[in-house]
Amino acid sequence: MNRYTVAVLVRNQFGVLNRVTSMFRRRQFNISALTVSETESSEYSRITVIFDGDELNKQQLINQLYKLPDVYSIKEFGADDSVSCELLLIKMENNPATREDIRAAAEAFNAKTVDYAKESIVFRLADDSRRIDDFINLMRDYTILEICRTGSVSLEKGSSTIRKVTNL
């Protein structure tokens with residue numbers, strides 16, 4: 001089974017996200033990450049989906065997505081032709097016995113301290129998903145109080161944009 005990252009540029013209208021994600025559900029794809037936001041134009045939203053599946057079913061899914069009237073364009077991203085980033089907020093127990101080890105690990109990963117309290121420290125890390133996974137795994141040796149992470153966002157390298165292929 002392969003992992004895919006696909007961005008779907010859609011009209012920014014009520015119900016579009018539900019219609020797009022329902023297509024994944026009907027095709028029995030498990031979405032492992034999902035991010036949605038307005039683009040440089042408030043007229044459009046960008047839905048970035050990471051999911052696992054096989055090539056044939058993925059291509060059928062993309063063909064079905066293009067049939068949705070609010071889908072403007074679709075772009076699949078590979079590791080070599082795109083830049084991807086994810087955001088992690090992680091709240092750690094602020095224990096005097098482990099504080100310096102936790103801070104040293106955070107510094108090694110370029111995680112920024114965004115909240116410091118007597119009982120907890122919150123770090124922010126923006127990086128690729130694998131590096132975030134590595135940071136979380138390292139922090140598991142200590143007391144993690146809470147984790148919140150976004151899905152991945154991706155842009156194609158170079159001057160090409162998602163608007164090159166249209167469905168309108």
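Give me the Kirkwood hydrodynamic radius of the range 83-153, using the inverse of the mean 1/r over all pairs of distinct Cα atoms, in Å to one decimal.
12.0 Å
Can you give the angle from 0 to 90° between the axis of helix 55-66 and the longest principal axis of the chain, with both taken from C-alpha atoms, to the nearest 10?
Helix 55-66 and the main axis of the chain meet at about 70 degrees.
Using only the alpha carbons, work out the radius of gyration and Dmax of the range 1-95 in angstrom.
Every Cα atom of the range 1-95 included, Rg and Dmax give 14.9, 54 Å.
Which ordering of 27, 130 is given by a fewest-first count of other beta-carbon atoms within 10 Å?
Exposure proxy ranking, most exposed first: 130, 27.
Round to the nearest 10 and give me the degree value, 0 to 90, for the angle of helix 99-108's Cα axis relative to the longest principal axis of the chain.
That helix lies at roughly 40 degrees to the long axis.
Please report the spacing between the Cα centers of the range 1-71 and the range 95-116 in Å, no decimals.
Cα centres, the range 1-71 to the range 95-116: 36 Å.
Could you compute how fast the chain diffuses translationally, taking Rh as the Kirkwood radius over C-alpha pairs and applying Stokes-Einstein at 25 °C with viscosity 0.890 mPa s? Give it in µm² per second.
Diffusion coefficient, whole number: 139 µm²/s.
Specify the residue with the greatest mean-square fluctuation among 25, 46, 124, computed from a Gaussian network of the chain linking alpha-carbon atoms under 10 Å apart.
25
How much net charge surrounds residue 115 when only the other residues with a Cβ under 14 Å from the Cβ of residue 115 are counted, with Lys and Arg +1 and Asp and Glu -1? List each step's numbers first, then the result.
Working: positive: 91, 103, 112, 118, 124; negative: 93, 119, 146.
Charge balance near residue 115 sits at +2.
Might you report the magnitude of the Cβ-based charge dipole of the range 83-153 about its Cα centre, with Lys and Arg at +1 and Asp and Glu at -1, to the nearest 20 debye?
Around 140 debye, computed over the range 83-153.
As an exercise, use a Förster radius of 45 Å and the Cβ-Cβ distance of residue 100 and residue 128 to find the FRET efficiency, rounded to the nearest 0.05.
For R0 = 45 Å, the calculated efficiency reads 0.95.
Please list 55-62, 84-91 highest first by mean number of surrounding beta-carbon atoms within 10 Å per residue.
84-91, 55-62
Using Cα atoms only, what is the angle between the long axis of helix 16-26 and the major principal axis of the chain, expressed in degrees (0 to 90) to the nearest 10?
Between the helix axis and the principal axis of the chain, the angle is about 90 degrees.
Computed from the coordinates by the stated procedures, all read-outs in this text should not be read as laboratory data. Quantities reported herein were computed from a predicted structural model and do not represent experimental measurements. Positions of Cβ are generated from backbone atoms using ideal geometry, with glycine treated the same way; all protein chains shown enter the neighbour counts.
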